[in-house]
Amino acid sequence: MSTRAPAVQARQLIKTYPGEVTALSGMDITVEAGTVFGLLGPNGAGKSTTVKILTTLARPDSGTATVAGHDVLRHPDRVRRAIGVVAQKSGADPVATGRENLQLQGRLYGLRGAALQQRVAGLLARFDLTDAAGRQVKGYSGGMQRRLDVALGLVHRPEILFLDEPTTGLDPEARTAMWDEIARLADDEGLTILLTTHYLEEADRLADHIAIVDRGHVVVEGTPNALKGELRGDAVHLELREAVGEAGRTLLTGALTALPGVHEALFDGRRVSVRAEDGPAAVPALLGTLERAGVGVAAATVARPSLDDVYLRYAGRRYAEAEAAAEAGSLALAGGAR
Ligand code: ADP
């Protein structure tokens, strides 16, 4: 256990936007120094709002937060000096070169002369941008722009780096490269990193500690392995030919979980997610039980439990469904504003 004070601590943050939109409904997070913390949740869960408050760009309606030991409301200037922020939208000037962007950022933080040149050259090399340093940023690939954004966030050697959805919009190859880059930063430089993501895989891959957020607060947290380990055994996914009514679900849940080695059965539309000690061995009994109840099964798959299963368990809906609901919500809002 670390004896250092937490790098980030937020307690009961509440934030509502005009129009009764509750962005945060009691957000609690603690990030230990030197770790990578993943704030994972579907679109609209409140991740960006949390980051805005922690990086002093927004004020909570209530609640408290300290970053690098400084209160975000009382000492925003101290917080800003201690952190680097890589926002979702690039802060780089597209018509300036990569080198010019870094130089400007360095000057903003008081670097001058040889110290500035050294820092800029070091970062260009570190992020594999030396060859592109003299080119305008608008000609960079998505991956190069993202690497420059991270370099910009690191110019003043912050203690804590905030990465808001670092790989959204990147192609799979650039995403994998970015993952390696972030993992290296955490290992080599002992930086504390708080990243937000809506990719389950990204959180699984990068974070030492994950907090799953839904509707403005943390629903469950732990290490990726602990979260997955909570779901002992295998996950068996059954695709039904048709959805089952409420009464049928209750009966079937009872019948399925009464089978030996079967711990849990969660219905979600036409899908049933079952936890079983030995997935392949449980499939015939699961199918038999459903068939006898007159419920046809179109497909059955067995998998190790994923974070998606954890999410379903704690948020009560599938990740994709939550994303679709957020999408529909923002479309409805956009429509209403017209
Ligand atoms: P996430 O980053 O997890 O996608 P956000 O923090 O951006 O979530 O948003 C949380 C909720 O607050 C959403 O319902 C979103 O529509 C709403 N929201 C965010 N920013 C604003 C804003 N400036 N004005 C009004 N509503 C907002």
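The values are calculated or read from the model by the stated rules, or taken from the named source; none is laboratory data. Since this is a predicted model, take the numbers as computed values, not measurements. With ideal geometry, Cβ positions are generated from the backbone for all residues, glycine too; neighbour counts draw on all protein chains shown. With ligands, DNA and RNA removed, areas are computed over all heavy atoms of the protein, side chains included. Shrake-Rupley method; radii C 1.70, N 1.55, O 1.52, S 1.80 Å.
Taken over segment 71-105, the residue count meeting the criterion of being open to solvent by less than 30 Å² (accessible area, probe 1.4 Å), touching a His at 6+ places or on another chain (Cβ under 9 Å) and closer than 23 Å to A125 by Cβ is 1. Based on what the data block shows, is A151 of a type in the set (A, V, I, L, M, F, W, C) and open to solvent by 20 Å² or more (accessible area, probe 1.4 Å)? No.
Of everything in segment 60-100, what is of a type in the set (D, E, K, R) and touching a helix residue (DSSP H, G or I) at 6+ places or on another chain (Cβ under 7 Å)? Give them in sequence order. Residues satisfying the conditions are D93, R99. Residue count for segment 233-287 satisfying the condition of being farther than 20 Å from A298 by Cα and in contact (Cβ under 8 Å) with a residue 60 or more places away in the chain: 1.
Quick grid of which residues meet (1) open to solvent by less than 60 Å² (accessible area, probe 1.4 Å); (2) within 23 Å of N43 (Cα to Cα):
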site	(1), (2)
L163	yes, yes
P166	yes, yes
M178	yes, yes
A186	yes, no
L191	yes, no
T196	yes, yes
L200	yes, yes
R205	no, yes
D214	yes, yes
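When the criteria are applied in full, D208 fails the requirement of being charged (D, E, K, R), touching a Pro at 6+ places or on another chain (Cβ under 6 Å) and at pLDDT 90 or above. Between G44, G38, the distinction of being more than 23 Å from L161 (Cβ to Cβ) and in contact with a Ser or Thr (Cβ under 9 Å, 6 or more places away or on another chain) belongs to G44 only.
Taking the conditions exactly as written (more than 16 Å from the ligand (Cβ to nearest atom) and either within 13 Å of the chain's Cα centre (by Cα) or without any contact (Cβ under 8 Å) to a residue 24 or more places away in the chain (or both)), does H198 satisfy them or not? Answer is no for this residue. Of all residues in segment 273-302, those being under 30 Å from the mean Cα position of the chain (by Cα), of a type in the set (A, V, I, L, M) and more than 13 Å from T257 (Cα to Cα) number 2. All conditions in (1) at pLDDT below 90; (2) open to solvent by 60 Å² or more (accessible area, probe 1.4 Å) hold for G233, with the sole exception of (2). Here L170, L185, L200, L195 are screened, and the one residue that is among the aliphatic types (A, V, I, L, M) and either within 15 Å of L102 (Cα to Cα) or modelled with pLDDT of 95 or more (or both) is L195.
Give R317, R292 a once-over and let me know the one that is among the basic types (K, R), under 21 Å from V219 (Cβ atoms) and without any contact (Cβ under 8 Å) to a residue 60 or more places away in the chain. Of R317, R292, the one residue that is among the basic types (K, R), under 21 Å from V219 (Cβ atoms) and without any contact (Cβ under 8 Å) to a residue 60 or more places away in the chain is R317. In summary, strands (runs of 3 or more DSSP E) completely within segment 1-117 and bearing 2 or more residues that are within 26 Å of E201 (Cβ to Cβ) and within 16 Å of the ligand (Cβ to nearest atom) occur at 21-31, 36-40, 83-86. Criterion first (surrounded by fewer than 18 Cβ atoms within 10 Å (Cβ to Cβ) and more than 16 Å from the ligand (Cβ to nearest atom)) does P158 satisfy it? No; evaluated as a whole, the condition is false for this residue. Filtered by the rule that a residue be of a type in the set (S, T, N, Q) and open to solvent by 50 Å² or more (accessible area, probe 1.4 Å), segment 57-70 gives S62, T64.
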